[in-house]
Amino acid sequence: MKKTIKLNGINAIVTRSLSPEYKHDIILKSFAILREKGFDFQLTIVGDGVQLPFLKALAKKLKIDTKVTFTGKLPSSQLSEVLQQSNFYISMPTTEGVSASLFEAMATNCYPIVTDIPGNQSWIDHRKNGQLIPVNDYEQLASELIWAIENPSYREQAVTYNRKFIEQNVNYSTNMKMIADRYHELINTTKN
């Protein structure tokens, strides 16, 4: 079943724990800029953590609290539903390895906007299949969100590309079969 790509409006999701290194404050500040510029949006922040009270207070201070939903931690099935209802995935960590959260978002047709750090650069090419934002730059994040909203055909191509990429390269069953096949080849080579 092909999922419809959601292009209209901003229905963004953040799926990182509410810890300082994930910079949710940068995301909230960027959405305050969008509000000031007249953009309508819904921002869903999934996860728990020590910064929850601070982030709720910041959303209220920035006057975006009615547009931000803090869900707490969600079970996998419910997270999948929320991802499928979203059209933007945002993650602004200061450091990152391989991000399963990014892969989940790409697999569910969320357009990724993430920090410009080595872990993300391995998967996202700026304005090819997502956007890369300098660490701590909430103004640039707001600017790139606006650019993405104003370029829906680009986003449609990017999410289609990302979905195919995930299906071909980040499928556990497929990759484990390739690893097992290669392992067996090596074993057979050493026996001869």
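The values are calculated or read from the model by the stated rules, or taken from the named source; none is laboratory data. Bear in mind that the values here come from a model prediction, so they are computed numbers and not experimental data. Note that we place each Cβ from the backbone using ideal geometry, even for glycine, and neighbour counts take in every protein chain shown. The area values use the complete protein model at the heavy-atom level, side chains included, leaving out ligands, DNA and RNA. Shrake-Rupley method; radii C 1.70, N 1.55, O 1.52, S 1.80 Å.
Which order do Glu167, Glu144 take when ranked by solvent-accessible area (1.4 Å probe, heavy atoms of all protein chains), largest first?
Highest to lowest solvent-accessible surface, that is Glu167, Glu144.
Holding the Cα-Cα limit at 25 Å, pick out from Lys23/Lys67; Lys37/Lys67; Lys67/Lys164 the pairs that are longer than that. Let's see the in-between values first.
On the way: Lys23/Lys67 18 Å; Lys37/Lys67 15 Å; Lys67/Lys164 32 Å.
Among Lys23/Lys67; Lys37/Lys67; Lys67/Lys164, the Cα-Cα distance tops 25 Å for Lys67/Lys164.
With the Cα gyration tensor of region 70-114 in hand, convert its eigenvalues to equivalent ellipsoid semi-axes via √(5λ) and list them largest first in whole Å.
Values: eigenvalues 60, 32, 20 Å².
Listed largest to smallest, the semi-axes of region 70-114 are 17, 13, 10 Å.
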Assign one of three labels to region 1-153, namely rounded, prolate or oblate, based on the Cα gyration tensor with a ≥ b ≥ c the square roots of its eigenvalues; rounded applies when a/c is under 1.5, prolate when it is not and a/b is larger than b/c, and oblate otherwise. rounded
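Might you tell me the accessible area per residue for region 52-148, computed with a 1.4 Å probe and given in Å²?
On the way: 4390 Å² over 97 residues.
I get 45 Å² per residue for this part.
With only Lys, Arg, Asp and Glu charged, each at its Cβ (+1 for the first two, -1 for the last two), find how big the charge dipole of region 91-156 is about the Cα centre; round to the nearest 20 debye.
Details: 3 positive and 9 negative charges, 31 e Å.
Approximately 140 debye in magnitude.
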According to a simple spin-label model (label point 7 Å from Cα along Cα-to-Cβ), what is the distance in nm between Asn169 and Trp147? 2.1
Accessible area of Ile149, 1.4 Å probe, to the nearest 10 Å²? 40
Out of residues 5 or more away from Tyr89 or on other chains, whose amide H comes under 5 Å of its own, with H placed 1.01 Å from N in the peptide plane? Ile13, Tyr111, Ile113
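Run the dipole for region 28-147 about the Cα centre, Lys and Arg Cβ at +1, Asp and Glu Cβ at -1, nothing else charged, and hand back the magnitude in debye, nearest 20. Write down the numbers at each step before the final one.
Working: 11 positive and 12 negative charges, 86 e Å.
Taking the Cα centre of region 28-147 as origin, the dipole is about 420 debye.
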